[in-house]
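Here's the structure we're looking at; comments come further down.
Laboratory data are not the source of any read-out in this text; all were calculated from the coordinates shown. Values in this document were obtained by computation on a predicted structure and should not be read as measured data. Positions of Cβ are generated from backbone atoms using ideal geometry, with glycine treated the same way; all protein chains shown enter the neighbour counts.
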């Protein structure tokens, strides 16, 4: 049995002691309700819901999976999933951060992120259903017409219907320019959508009566490539402009994929056969609308990685304390027991500290990005909004790429601590590893995040987000330059940040001369950037803990973990720097034929 | 569908061009039959058997798994597994390297290793059945009495019976000192074995009529801990000293484990209830006999990692050539196609080259270790035998640790190249990743390999194996010191080897003062050592390819892959060195309570 308790103490520390969100929200119009008391109450209730309702369904959902009935094209979700969704809706969770105009509670995104981490830690498969609704809501809010918001967005926010994102087709995943799904105009202003979409999470299920598919398709006269893509809303049951639900639309789930993990998530092949749909936004401008959904989803998938890391840590820590095996090398620590617990062994501690460092450091990185989202949305100061937008745009590929890749490392470590028992289904650790494996693939692979970071956010946008981030790090280092208690971190952080800036300039020059240099450096650059960003958040954590009213154990734990991070994780940047400096030749010079 | 073709060209290159095994075997008494022609013929036939018989059963075996019948305590293996074993026996494969005295063909271990890599690549789950027989055979050959070899070993070599290793109990895996299984003497000189063993691979199955369990247990008066462990042979059906098979023994499979992968391997809970067994070797000296099996098995599990890496590479390379997605950053490479194949993208090439570098470099490392086994067994020169024994003892944890950990990395990369499709069962990539996950756990976790390497092979044995290895590397660098074509590799290799020696001395000093320093450095030391060892084998590969009659594409591919390895993999040693130099404090100073 795999356990889970929401990490409330560390969430509070991150939100209040480090990021000081209460102060921020008090000055943001529309966010004033988010006082510390309110946030505390939300976190407490979210912990109860995720621990008591979702977590107990995680292993059973994996074992049971989703079932497809070919006769009715229907999908049965695992036992308990539907009820849990009803509770999620009844508890008001689904509209927590949605705009009050459409029935939401309008709380800051950062609070939604804290909830989402808990949901994903408790039950990643289940969490995918509401996540897809959020993505669809976001697209409709920003790009839909008024009647579409009224008719489609409100039921999504209310949780009476759910949404999907229908992008991928059998021959095109990353390369949306290749997509073939067609949209033909109908006399009444609607469209007829035809084509096959694959990997559609929550494409069909039994939670609610209607499902709204946000579908990318091409108009008859559309230009080739990504400039000819439009976005449509295509409901499972047709809905008129009057909001009345009519007959079944001509679309259906064709089959469910058999996957390595997230078996409780229905991953559907969706067939559209002249289905009635409505254009969202302008013709041929679907990619922009899609990116609204995608960016929301990318940050959210980063939180999925974080949630899995937290749960992996909790379980492997408990096992390391319980399981007795061998004696400490320096002599028995528990001579009255037949052997010492695993936690005495240095390499077990290395694996535990790796998880702790990524869970707590990653939490800050993720929440910091969501604070920027809130600032970008609500700040009355245009310069502050612009800075926050640049920061969140820059940090999104890092949050998505780093927190999912480290989730794979951390679920590996957690399983390894269990030894052979980690490989056995009952302990639940192998499920975490299987579930984590999707997170570096969907909503853009790590490779796509890396190119988004170096190719777009650094090269195309002149690194404006990085400049803001490095300025903040620089100011922090200057502010704490004479703080003896922080010197062991501030010095190496300042050195790393300086190297980051210099390496970025060097890469920029080389990539301008030869675009392959960007592609050859991007993956290493993502990790390199992410590890330095975490070094900043770990240093801030120590500073914040020291000046907080946290217990001395809590403060010491932050300092010890930061020391571990700087000594044993941060040095990974040297390997990544060496790889980047080696240039593109060692990847590109070998003719294809010589690969074998 | 996952594909597999035995990598005959690279196996031949490794055996003949780099390691020159024919010359070695011609001078080793008992190995003269292993001419190039004979080895070639064996490799060809092994390729046919593994590609045509085993590989087609890999995905179906995973989907079907093993079935346990609680009424009869019997296990049904996946469809086709039993027939494949019969063909393996009929083809003479099972006794390929076994001693001729007991019915084997007496071929060198290195040839058996080449066969084993192919078996594991084709079907890891199936490969576990014969592997366990080999381990049991090895223990009986070295520690059994004459009548035991006659009665038990010969049927194992003939493949009419199979064997197991029964070590682990619910409360003891690594820590065998805790084991509780008991052995009571019987009047006829046999013993009555009682206890429960878990994780017993091939503990029950339907391949053959009798299964011989090699069981660790305690005599009534045994000292506590590992000094009170004895080894017994406990057959499923009782066998007298006369070799006659009698009634069913009082032991049975209690259940099958539900595992993340290797689902075609029967992983059994075995209950012994006063079962008749025979002592193998001396009382209380079971650990030495167990290590005979274990060391054989550790090298073999290294080959499992290698096989999975090879298969992952083949499949992701084929996919990278077929799948069209996006254009090369430097402009379309296949303008007549709707998009370029994945292989044009630099980071896809990084992932392919990582796999190629570990597959081909790992193959040499593994085969080199087996050549040392053959030298240790057959050399007429005592000094050569001693050197070879020291080398294989030193290299065993590196082969096991590095080739399994890199298999996890490489099956990760291969799956990642497939994008979302990699997560779908049908493509077979997620099975490789799940199957690979066991290899860093069984036969000693990576942590145990690391402690065996640094604690035992370096500290306790004064690093004699490392000294031989570094002397060989040093001689190679001196010999090729003026070879301009090799300078780009020989220079960095010599530098790394020098640093390896120095760091080892430094760690030795620190660990002598404080044993925790050994435990805190061991994991990093294993990778650090392994990556430098591979740098040596990659340099030898380039040298051997250049002076061989291989095609220019083959030679160039070795050089390009070596360049990639030195530029983008070898720099990992800097991160590991930094971690080791940081000392044990950052792992051990944090009080247990502060972990959370």
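A few notes on this one:
- Rounded if a/c under 1.5, otherwise prolate or oblate - segment B:167-303, Cα gyration tensor axes: oblate
- Kirkwood hydrodynamic radius of segment B:80-215, from inverse mean 1/r over distinct Cα pairs, in Å: 16.0 Å
- Per the Debye calculation on segment B:449-586 with a single equal scatterer at every Cα and no solvent contribution, log₁₀ I(q)/I(0) for q = 0.12 Å⁻¹ amounts to -0.51.
- If R0 equals 22 Å, the separation of the Cβ atoms of residue B:246 and residue B:150 corresponds to a calculated FRET efficiency of about 0.85.
- With one equal scatterer per alpha carbon and no solvent term, the Debye-computed log10 I(q)/I(0) for segment B:497-536 at 0.35 1/Å reads -1.13.
- A:385, A:323 arranged by Cβ crowding within 10 Å, fewest neighbours leading: A:385, A:323
- Rounded tilt (10° steps) of B:382-417 against the dominant C-alpha axis of chain B: 70 degrees
- Least to most buried among B:389, A:384, A:109 (fewest other Cβ within 10 Å first): A:384, B:389, A:109
- Segment B:154-187-segment A:414-436 distance, computed between alpha-carbon centres (Å): 25 Å
- Relative contact order, whole percent, for segment A:449-586 stands at 29, derived from Cα pairs under 8 Å and 6 or more residues apart.
- With the simple spin-label model, which puts each label point 7 Å out from Cα in the Cβ direction, the residue A:551 to residue B:100 separation comes to 7.2 nm.
- Taking all Cα-Cα distances within segment A:1-142, those exceeding 21 Å account for 48%.
- Column: log10 I(q)/I(0), Debye, Cα scatterers of chain B, q = 0.09 Å⁻¹: -0.72
- Rel. contact order, % - alpha carbon contacts under 8 angstrom, at least six apart, segment A:447-508: 28 percent
- Residue B:82-residue A:227 pseudo-label distance in nm [points 7 Å out on the Cα-to-Cβ vector]: 6.6 nm
- Percent of Cα-Cα distances greater than 21 Å, calculated over segment B:466-530: 34 percent
- For the protein assembly as shown, convex hull of alpha carbons as volume per residue, Å³: 166 Å³
- Expected 222 nm ellipticity per residue - DSSP helices of 4 or more, -39500 (n - 2.57), all of the protein assembly as shown, to 500: -17000 deg cm²/dmol
- Förster radius 41 Å - calculated FRET efficiency between residue B:158 and residue A:3, Cβ distance, rounded to 0.05: 0.25
- Starting from the label point of residue B:546 at 7 Å along Cα→Cβ, the same points in the other copies fall at 5.5 nm, in ascending order.
- Relative contact order (%) - chain A, alpha-carbon pairs under 8 angstrom, separation at least six: 13 percent
- Neighbour counts of other Cβ atoms within 10 Å put B:140, B:588 in the fewest-to-most order B:588, B:140.
- Taking the centroid of alpha carbons for each part, segment B:530-596 and segment B:56-94 are 38 Å apart.
- Each residue, residue A:333 and residue A:498, gets one label point 7 Å from its Cα in the Cβ direction; the gap between the two is 3.9 nm.
- If you bin all the Cα-Cα distances of segment B:422-506 at 5 Å, starting from zero, the percentages per bin are 3, 12, 14, 13, 11, 11, 12, 11, 9, 3, 0.
- Pairwise FRET efficiency - residue B:409 versus residue B:26, Cβ, R0 = 25 Å, nearest 0.05: 0.05
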